[in-house]
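Supplied in structure tokens, the structure appears directly below.
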Amino acid sequence: MVAVRVRVPHAAGVGAVHVRTTPDGEQFFTDARLVHRGEHEDWWQAEVPCHNPVTTYRFLLESDEPGHAAYRWLNGTGVHLRDVPDTSDFRLVTHPAPPEWAQRAVVYQVFPDRFARDAGVEPVGDPGGQRSDLPDWAVPARWEDPVALTRRSGPVQVFGGTLDGARERLDHLVDLGADVLYLTPVFPARSNHRYDASTFEAVDPVLGGDAALLRLQEAAHECGIRVMGDITTNHTGDAHEWYAAARQDPHGEFGSWYVRDEARPGEWVTWLGVESLPKLDHANPAVRARLTEGPGSVIERWLGEGRGFDSWRVDVANMTGRYKGSDLAHQVARETRAAVDRATGGQGLLVAEHTHDHSRDVDGDGWHGVMNYSGFTRPVWTWLRAADFAPKFLGSPLQVPRLGAELVAETMRDFCSLVSWRSWTHSMTLVGSHDTTRVRTLVGDDVEQVKVAAGLLLTMPGIPMITYGDEIGMPGDFGEDGRRPMPWASRGAGDGMWDETLTEHYRALITLRRESPALCAGGMRWLYAEGEAMVYLREHPAETALVHIARASHDTVEIPVTQVPGAHAAQERTPHTPALDLTDRDVRLRAHGPTVQVWAWSTDAPAWEPVPETYRGGW
């Protein structure tokens, strides 16, 4: 049984509140009781029995005052004067919670080949020169060379970054404030991205091998940083030892480890038709067992102190276990989660790649969260992309539109209302990744707009993920162009390739987030979103934060003071933020250009009421 609350302004004219749930599929109503009456608002509380693993609920607001609707629903998308589907109802999840540390985390994504070389592989006398110890498929490049952009040459160009190189640059993460290092795949493969693994049993020698990964994890832990690995459960590479055995004997043990389509005799099913990425068949229990069952399984063997990783990100999770009439995605997610929990004692985070609506894939017993492309990345792109630059988003045939804040906020609210608060806040928010256009290029090489993007990233719910180089203003268009080598030689050189003012902006926001319970773990309430401006509250029992983000200058926005309880005690929390302009009636916000402003104060909320002794908990 869980107590739920709703705060209702006096101006709404609400005289009674009911909570609707659907235990075992049948709707049931619980009367809420008034537990606090404040100067401007009422607090109502009810106890909701969590009879099912996921309990959905919404509020029914009743009024008999003239001028107010007698019948209003309140769900995750707001207040409605009509009946609405259950899809956006609030959710209570009884499955074990994600690790406590995750909600405070800041993730830093590294593409190992492009982040840093270590001193041991630098060619003598030529610090940026080509490596000579590469496999025959690789085309060596100097660190300062431009990236190859063609479909054929891009994946095989190797700059020679290593895991020891990443270890030697951990001070950069510490200085920035990131506490999770997320590495894209490190297993041997025939590409620089390594999503075409040839084995899951070893770390690629090109990156330094198993020992280098263990050295990196040990050093990271000494710095207070966790290491997250990247695993492909949907497919392997065509050079993988399992696939080699399958092709050698299609009717043998491994022949059934990969998907075969009866409509296409003699062919193996691959990821989106890419021949080098054959799809694993999770309908075969042996495949799932090899991936997730026991200390020797792929998922478990690399997790834990002295094993390499502390958490996993799962590539193409949305397609894993799905093909035509077969859908084992949830079973794979649950088994993977169980393996992570066993190996880490419940301290491992499990995040799934998902590029669109992920609502049916995060019920709470599988993936802790996703990479929130749909509910954060794409909406942010539609607000901040440059007027003369319209990128395509992850395979879309059309260019991303440029929208006002009202549509952006509506999009975010729609997508985030489809999942539990737990899943939303344990999903990784990102402005971009190694798969997308760089934020510096997205916004038209405007550093002030990059700062706005960082403001959204580090003040909204979710686990913020920064892709290496975004914090220095690294440019790059979609695909390989966004995977440029980190320009370490430019740090402090004044050549324009390392923007220290931008780095300081990220550093300050990360520090603010880490110190603010509201920004780490507070709720989310929109106050205003129109045109150039967004204003929202992050509310936590210990603190309330008011956030004002503008992509351009705008006239004064007036927000009724009744919507911002406690604002009279507001303190500025971001550089160059003025004192809050507050009258008896309004909070007034304005911007003379791109702006990130945060104020905070102690939350003044009534204590939770005890459950009445007369409560019986049934329906």
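The values are calculated or read from the model by the stated rules, or taken from the named source; none is laboratory data. Given the structure is predicted, the values throughout are model-derived calculations rather than measurements. Here the Cβ positions follow ideal geometry from the backbone for every residue, glycine too, while neighbour counts run over all protein chains shown.
Between a first residue in segment 20-39 that is in a helix (DSSP H, G or I) and a second residue that is surrounded by 14 or more Cβ atoms within 10 Å (Cβ to Cβ), which pairs have beta carbons less than 6 Å apart while being 6 or more apart in sequence or on different chains?
That search, which allows pairs on different chains as well, returns PRO23/HIS51.
So, one more: So VAL362 fits all but one of (1) at pLDDT 95 or above; (2) surrounded by 23 or more Cβ atoms within 10 Å (Cβ to Cβ); (3) not charged (D, E, K, R); what number is the exception?
(1)
OK, next. Give the residue, chosen from ALA338, ALA333, ALA317, ALA329, that is touching an Asp or Glu at 6+ places or on another chain (Cβ under 6 Å), aliphatic (A, V, I, L, M) and modelled with pLDDT of 95 or more. Even if it seems obvious, please write down each step before you answer.
Numbers: ALA338 fails: touching an Asp or Glu at 6+ places or on another chain (Cβ under 6 Å); ALA333 fails: touching an Asp or Glu at 6+ places or on another chain (Cβ under 6 Å); ALA329 fails: touching an Asp or Glu at 6+ places or on another chain (Cβ under 6 Å).
Result of the check over ALA338, ALA333, ALA317, ALA329: ALA317.
Can you tell me which residues in segment 40-64 are assigned to a loop (DSSP other than H, G, I, E, B) and within 21 Å of GLN563 (Cα to Cα)? Let's see the steps before the verdict.
Here is the first cut: in segment 40-64, the ones assigned to a loop (DSSP other than H, G, I, E, B) are 40, 49-53, 63-64.
Matches in segment 40-64: HIS40, SER63.
Residue-wise test of (1) more than 26 Å from LEU291 (Cβ to Cβ); (2) not aliphatic (A, V, I, L, M).
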| residue | (1), (2) |
| --- | --- |
| LEU176 | yes, no |
| LEU181 | no, no |
| THR184 | no, yes |
| ARG190 | no, yes |
| ARG194 | no, yes |
| PHE200 | no, yes |
| LEU207 | no, no |
| GLU222 | yes, yes |
| ILE225 | yes, no |
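In segment 570-581, which residue that is at pLDDT 95 or above and surrounded by fewer than 18 Cβ atoms within 10 Å (Cβ to Cβ) is nearest to THR511 (Cα to Cα)? If you could, list the steps in order and put the result at the bottom.
Our first condition is that a residue be at pLDDT 95 or above; within segment 570-581, this holds for 570-574, 577-581.
Filter again for surrounded by fewer than 18 Cβ atoms within 10 Å (Cβ to Cβ), leaving 571-572, 577-579, 581.
Details: GLN571: 16, GLU572: 14, THR577: 16, PRO578: 19, ALA579: 20, ASP581: 25 Å.
Top of the filtered list is GLU572.
Same structure, new question: So PRO278 fits all but one of (1) farther than 21 Å from PRO99 by Cβ; (2) of a type outside the set (Phe, Trp, Tyr); (3) surrounded by fewer than 18 Cβ atoms within 10 Å (Cβ to Cβ); what number is the exception?
For PRO278, the failing item is (3).
Name every residue in segment 582-619 that is in a loop (DSSP other than H, G, I, E, B), touching a helix residue (DSSP H, G or I) at 6+ places or on another chain (Cβ under 9 Å), modelled with pLDDT of 90 or more and farther than 22 Å from ARG513 by Cα, in order of residue number.
If we filter segment 582-619 for residues that are in a loop (DSSP other than H, G, I, E, B), which is where we start, we get 583-585, 592-594, 602-619.
Within this subset, residues satisfying the condition of being touching a helix residue (DSSP H, G or I) at 6+ places or on another chain (Cβ under 9 Å) are 583-585, 593-594, 602-604, 619.
The next check asks that each one be modelled with pLDDT of 90 or more; those that pass are 583-585, 593-594, 602-603.
Correct list: THR583, ASP584, ARG585, GLY593.
Which members of segment 446-475 meet the condition of being in contact (Cβ under 8 Å) with a residue 40 or more places away in the chain, out of contact with any Phe, Trp or Tyr (no Cβ under 8 Å at 6 or more places or on another chain) and part of a loop (DSSP other than H, G, I, E, B)?
Of everything in segment 446-475, just one residue is in contact (Cβ under 8 Å) with a residue 40 or more places away in the chain, out of contact with any Phe, Trp or Tyr (no Cβ under 8 Å at 6 or more places or on another chain) and part of a loop (DSSP other than H, G, I, E, B), namely ASP446.
If you don't mind, there's one more thing I want to ask. Being in a loop (DSSP other than H, G, I, E, B), free of Cβ contacts under 8 Å to residues at least 60 places away in the same chain and within 33 Å of the chain's Cα centre (by Cα) is the filter here; which residues of segment 228-278 pass it?
If the condition is that a residue be in a loop (DSSP other than H, G, I, E, B), free of Cβ contacts under 8 Å to residues at least 60 places away in the same chain and within 33 Å of the chain's Cα centre (by Cα), then THR236, GLY237, ASP238, ALA239, HIS240, TRP257, VAL269, VAL274, GLU275 are the ones that fit.
Got at least one residue in segment 14-27 being within 34 Å of the chain's Cα centre (by Cα), surrounded by 14 or more Cβ atoms within 10 Å (Cβ to Cβ) and under 30 Å from VAL180 (Cβ atoms)?
The answer is no; no qualifying residue exists.
From the residues in segment 213-226 that are of a type in the set (A, V, I, L, M) and crowded, with 23+ Cβ neighbours inside 10 Å, which one is nearest to GLU241 (Cα to Cα)?
Going residue by residue through segment 213-226, those that are of a type in the set (A, V, I, L, M) are 213-214, 216, 219-220, 225.
From what is left, the residues that are crowded, with 23+ Cβ neighbours inside 10 Å are 213, 216.
Numbers: LEU213: 22, LEU216: 27 Å.
Ranking the qualifying residues of segment 213-226, first place goes to LEU213.
If VAL106 passes every condition in (1) within 31 Å of the chain's Cα centre (by Cα); (2) at pLDDT below 95 but one, which one does it miss?
Just one mismatch for VAL106, condition (2).
Yes/no matrix, rows are residues, columns are (1) assigned to a helix (DSSP H, G or I); (2) farther than 30 Å from GLU406 by Cβ; (3) among the small types (Gly, Ala, Ser); (4) in contact with a Cys (Cβ under 7 Å, 6 or more places away or on another chain):
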site	(1), (2), (3), (4)
ASP83	no, no, no, no
ALA97	no, yes, yes, no
GLN103	yes, no, no, yes
ARG114	yes, yes, no, no
SER132	no, yes, yes, no
PRO135	no, yes, no, no
GLU144	no, yes, no, no
ARG151	no, yes, no, no
GLY160	no, yes, yes, no
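Looking at TYR71, TYR57, which one is surrounded by 15 or more Cβ atoms within 10 Å (Cβ to Cβ) and within 19 Å of THR30 (Cα to Cα)?
Working: TYR71 fails: surrounded by 15 or more Cβ atoms within 10 Å (Cβ to Cβ).
Only one candidate qualifies: TYR57.
Let me ask you something else. For residues in segment 312-355 being hydrophobic (A, V, I, L, M, F, W, C), over 22 Å from THR425 (Cβ atoms) and touching a residue at least 60 places away in the same chain (Cβ under 8 Å), which is surrounded by the most Cβ atoms within 10 Å (Cβ to Cβ)?
Here the answer is VAL332.
Ok, one more. If PRO85 satisfies all but one of (1) surrounded by fewer than 17 Cβ atoms within 10 Å (Cβ to Cβ); (2) farther than 21 Å from ASP24 by Cβ, what's the number of the condition it fails?
(2)
Considering segment 380-438 alone, what residues qualify as being in a loop (DSSP other than H, G, I, E, B) and either under 18 Å from LEU458 (Cα atoms) or of a type in the set (Val, Ile, Thr) (or both)?
Within segment 380-438, VAL400, VAL419, HIS426, SER427, VAL431, GLY432, SER433, THR436, THR437, ARG438 qualify.
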